[in-house]
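These notes concern the structure reproduced below.
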Amino acid sequence: MTTLATRPPRTRTGARAGTVLAMAIALAVLAAASAALGAFDIPLADLAGSALHRLGLGGRELDRVAESVLWNVRLPRVALAVLVGASLGCAGALMQGVFGNPLADPGTIGVSSGAAVGAVTAIGFGATAFGAWTVPAFAFTGGLVTVGGVYLLSRGEGGTRVVGLILTGIAVNAFAGALIGLVMSTVDNARLTGITFWQLGSMAQATWPKVLAVLPCALLGLIVAPRYARRLDLLALGERPARHLGVDVERLRLTLIVLVALLTAAAVSVSGIIGFVGLVVPHLLRMIAGPGHRFLIPGSALGGALVLLTADLAARTLAAPAELPLGVLTALIGSPFFFWLLRATRAKSGGWG
């Protein structure tokens, strides 16, 4: 029976190209649907006409309400969901490559919990140092500081080791959880509600300034990450073989951890905690088209954008006019789906190994 491991290179290349094309088409269609659907529906023809009018290519302007809903509410939300999903998907692929484990995700090194500590601190103590940007700024800083702490604490005389990073990440995540609980136990009900809402994850507060705030970190990570695809493929052979083949493993690990921290902290700072995107998407693509990082890194970014945009559309339409928490929805769907992926992997390999 032919498997991904035994398929000829041309077959795998065709599978990868077909997967990327299908995801790109689905993302374009879904983006248009997300901009059109909601409590205030906008026909696709009107959406296209408004876009053409803005570009100076004809079309026509919509009425004031529809124009405001489309350009000030829907499109920023679509753009932010794409950027956050792509960042989380790419970060997940990088983490799994660095750790050599398909069960790794950005939360492994504490970036999500660190961002949560920053955001909870800002909300709980009513910080207003940066105005409307206070919570995202605290979350972004908390994520970066936590990752830096995990790296330094896990570093020994011979550099860092995967086991050390994982164990340190577990300890730091537990400590961050304790800090969050401590803050939540001391605040009033109004601020407790704000903390809970942020932790559940949402795109409801999307604006063009938030899109522009995430854009630099997202573009930097998404452009730079594919440059390390070949070295990640060599690292998959093991640290010692990778070193013999010219890979500076310690430098590679530090660089990619910094990239993961930037991507994840920027995403989490504006969206709250959204789980399973960085875990499920790379794992699924690896099953479909193999483990090569030249495909896996950009493919995970595209897949992450598609998954999060789908989840966001479902979150605001399934229970309309109410809105489901995005992080809760991704966990409800992602956890059983990931368990199914694990069982499928076990069935093919004959065990969990």
Test: residue in the range 24-44 that is under 26 Å from TYR228 (Cα atoms) and surrounded by fewer than 23 Cβ atoms within 10 Å (Cβ to Cβ): yes
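Go through the range 84-103 and count every residue that is surrounded by fewer than 24 Cβ atoms within 10 Å (Cβ to Cβ) and either touching a Leu at 6+ places or on another chain (Cβ under 8 Å) or over 25 Å from ALA311 (Cβ atoms) (or both). Explain how you work it out, then say what you get.
Start the filter on the range 84-103 by keeping residues that are surrounded by fewer than 24 Cβ atoms within 10 Å (Cβ to Cβ), which leaves 99-103.
If we keep only those that are either touching a Leu at 6+ places or on another chain (Cβ under 8 Å) or over 25 Å from ALA311 (Cβ atoms) (or both) as well, we get 99-100, 103.
Final tally of qualifying residues: 3.
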Residue in the range 239-249 that is modelled with pLDDT under 90, outside any helix (DSSP H, G or I), under 23 Å from the mean Cα position of the chain (by Cα) and within 22 Å of HIS293 (Cβ to Cβ) present: no
Test: residue in the range 37-45 that is modelled with pLDDT of 90 or more and either part of a helix (DSSP H, G or I) or of a type in the set (Asp, Glu) (or both): no
Enumeration of residues in the range 302-328 that are polar (S, T, N, Q) and at pLDDT 90 or above: THR310
Residue within the range 153-162 that is at pLDDT below 90, farther than 29 Å from LEU332 by Cα, surrounded by fewer than 12 Cβ atoms within 10 Å (Cβ to Cβ) and in contact with a helix residue (DSSP H, G or I) (Cβ under 8 Å, 6 or more places away or on another chain) present: yes
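Would you be able to say whether some residue in the range 317-324 is under 20 Å from ALA104 (Cα atoms) and either touching a Ser or Thr at 6+ places or on another chain (Cβ under 8 Å) or hydrophobic (A, V, I, L, M, F, W, C) (or both)? Lay out the reasoning, then the answer.
Of the residues in the range 317-324, the ones under 20 Å from ALA104 (Cα atoms) are none.
Checked the range 317-324: no residue is under 20 Å from ALA104 (Cα atoms) and either touching a Ser or Thr at 6+ places or on another chain (Cβ under 8 Å) or hydrophobic (A, V, I, L, M, F, W, C) (or both).
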Selection within the range 45-78 - over 31 Å from the mean Cα position of the chain (by Cα), surrounded by 13 or more Cβ atoms within 10 Å (Cβ to Cβ) and small (Gly, Ala, Ser): GLY49, GLY59
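Suppose we keep only residues that are part of a loop (DSSP other than H, G, I, E, B) and surrounded by 24 or more Cβ atoms within 10 Å (Cβ to Cβ) within the range 105-143. Which one would you say is modelled with the highest pLDDT? Working first, answer last.
Of all residues in the range 105-143, those part of a loop (DSSP other than H, G, I, E, B) come to 105, 110, 125-130.
Those left that are additionally surrounded by 24 or more Cβ atoms within 10 Å (Cβ to Cβ): 105, 110.
Working: ASP105: 84, GLY110: 89.
Checking each candidate, the answer is GLY110.
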When residues of the range 45-93 are limited to those that are touching a Ser or Thr at 6+ places or on another chain (Cβ under 9 Å) and charged (D, E, K, R), the one nearest to VAL224 (Cα to Cα): ARG77
Test: GLY97 is assigned to a helix (DSSP H, G or I), within 12 Å of the chain's Cα centre (by Cα) and in contact (Cβ under 8 Å) with a residue 60 or more places away in the chain: no
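Being surrounded by 12 or more Cβ atoms within 10 Å (Cβ to Cβ) and either free of Cβ contacts under 8 Å to residues at least 60 places away in the same chain or over 16 Å from PHE295 (Cβ atoms) (or both) is the filter here, so list the residues in the range 213-234 that pass it.
To start, the set of residues in the range 213-234 that are surrounded by 12 or more Cβ atoms within 10 Å (Cβ to Cβ) comprises 213-215, 217-222, 224-226, 228-234.
Within the range 213-234, ALA213, VAL214, LEU215, CYS217, ALA218, LEU219, LEU220, GLY221, VAL224, ARG231, LEU234 qualify.
The values are calculated or read from the model by the stated rules, or taken from the named source; none is laboratory data. Because the structure is predicted, anything quoted here is derived from the model rather than measured. Note that each Cβ is placed from the backbone with ideal geometry, even for glycine, and that neighbours are counted across all protein chains shown.
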